[in-house]
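A quick write-up on the structure given underneath.
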Amino acid sequence: MSNSFWENIFSVKNSDAHRVLTILGLKMKFFDSRRFLKHNPYGLIVDTTVKCNNNCDFCWRKNNPEYLKNILETYKNNHTMSFETYKKIIDNAVKYKSIIWLSLCGPMGEPLLNDHIEDFYEYAAKKNHFKWISLNTNGLAINKRDISRLLNSMDEFSISVDSIDPETYGKIHGSKDFLPVVIENIKSLIEYKKTNGCRAEIFVRFTENELNMGQYPDFEKFFKELGVDRLNYTRVHSFAGVVESRNDEQTAKKCEQPNNLINFDFKGNLATCCINWHLEPTFGNIKNKSIAQLWHGKKYREWAKTFYTKDPCKHCSGLGKHVQKEGLLNKEEETV
């Protein structure tokens, strides 16, 4: 009999991460594990809110006020990801053995302004899947949260402070009045850990920029004496084109996010990375597709092949890991 006869009875076609089996016109869709094994990510980043309580010098919020106004108005009834959307992301992510790292932080807002952030972290922690769960916050709202629940449901509680000089801090974060509140909040974390013990290490972050150059030694001394577990030094980057002078095509090509980290924006869309405040391009929503369908799908995989030639990546410098090749402090990135 001819091949066409059998093709009318039985056929198999590959489609993204699935195989479609057709028998007598009945189509059945199966997950193709061979395709699933390609492009295995090691981390997941979920941006859960568009709300923020700082006005940072390097951020899109300060540098694009009309865009910020439009975002807040457009999503005025939906500033924060629903818990159901988040649960679906986590439930999908734990199917990947390769995903060992989770962070609930992205470009749009301050994670501690998510009114249910404790629930979000505890849900992920109870899966007993992720090897490292982290938070990066500006620290201003720590005193509004249940620090016991947070410190015991993550491995890294990181606070971006950037300067202990009130004037410099104010220029970077929007108000010098925030600094004493943040320092007291950090003290409360340290005191809780000393008294009760907890899962999390307490990090303090210093991101070097033109405003705080030369201040790291005093910053390091202050927080070591305060008793934080670790200090993290890094360099400022272009924040997906916020500061055009920091754009760098060569470092953008080295960005690890497109092929190693799964990113979701606060609406549940598969996004490009954790600093893309433009909210586009996106590649489908977790509400009607699985992570496998989105991450291994043709739309995302085609984009990821040449991401650095497209907006907003071509107007970026990556995450900062390879940024400022001449350096502002003339030192390598380090953790002390």
I want to confirm something. Restricting to the stretch 56-98 and keeping residues that are in a loop (DSSP other than H, G, I, E, B) and hydroxyl-bearing (Ser, Thr, Tyr), which single residue is farthest from ASN209 (Cα to Cα)? TYR96
Any residue at all in the stretch 210-220 that's surrounded by 21 or more Cβ atoms within 10 Å (Cβ to Cβ), aliphatic (A, V, I, L, M) and either over 29 Å from SER153 (Cβ atoms) or within 23 Å of the chain's Cα centre (by Cα) (or both)? no
When every residue in the stretch 122-172 that is among the β-branched types (Val, Ile, Thr) and in contact with a strand residue (DSSP E or B) (Cβ under 9 Å, 6 or more places away or on another chain) is compared, the one farthest from GLU225 (Cα to Cα) is ILE133
Just checking, which of LEU231, LEU270 is surrounded by 23 or more Cβ atoms within 10 Å (Cβ to Cβ) and at pLDDT 80 or above? LEU270
What's the total number of residues in the stretch 268-292 that are in a loop (DSSP other than H, G, I, E, B) and closer than 16 Å to ASN92 by Cβ? 8
Counting only residues in the stretch 171-200 that are open to solvent by less than 20 Å² (accessible area, probe 1.4 Å) and in contact (Cβ under 8 Å) with a residue 40 or more places away in the chain, the one farthest from ASN143 (Cα to Cα) is identified as ILE172
When you scan the stretch 235-255, do you find a residue that is crowded, with 19+ Cβ neighbours inside 10 Å, in a strand (DSSP E or B) and over 16 Å from the mean Cα position of the chain (by Cα), even just one? yes
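Quick check on ILE164: is it in a loop (DSSP other than H, G, I, E, B) and either open to solvent by less than 10 Å² (accessible area, probe 1.4 Å) or under 18 Å from ASN232 (Cβ atoms) (or both)?
yes
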Unique residue being touching an Asp or Glu at 6+ places or on another chain (Cβ under 7 Å) and touching a residue at least 40 places away in the same chain (Cβ under 8 Å) when the list is ASP229, ASP265: ASP265
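The values are calculated or read from the model by the stated rules, or taken from the named source; none is laboratory data. Predicted model, so just to flag it, every value in this text is computed and none were measured. Because the Cβ atoms are built from the backbone with ideal geometry, glycine has one as well, and the counts that use them run over all protein chains shown. Side chains are part of the model used for accessible areas, which takes the heavy atoms of the whole protein and leaves out ligands, DNA and RNA. Shrake-Rupley method; radii C 1.70, N 1.55, O 1.52, S 1.80 Å.
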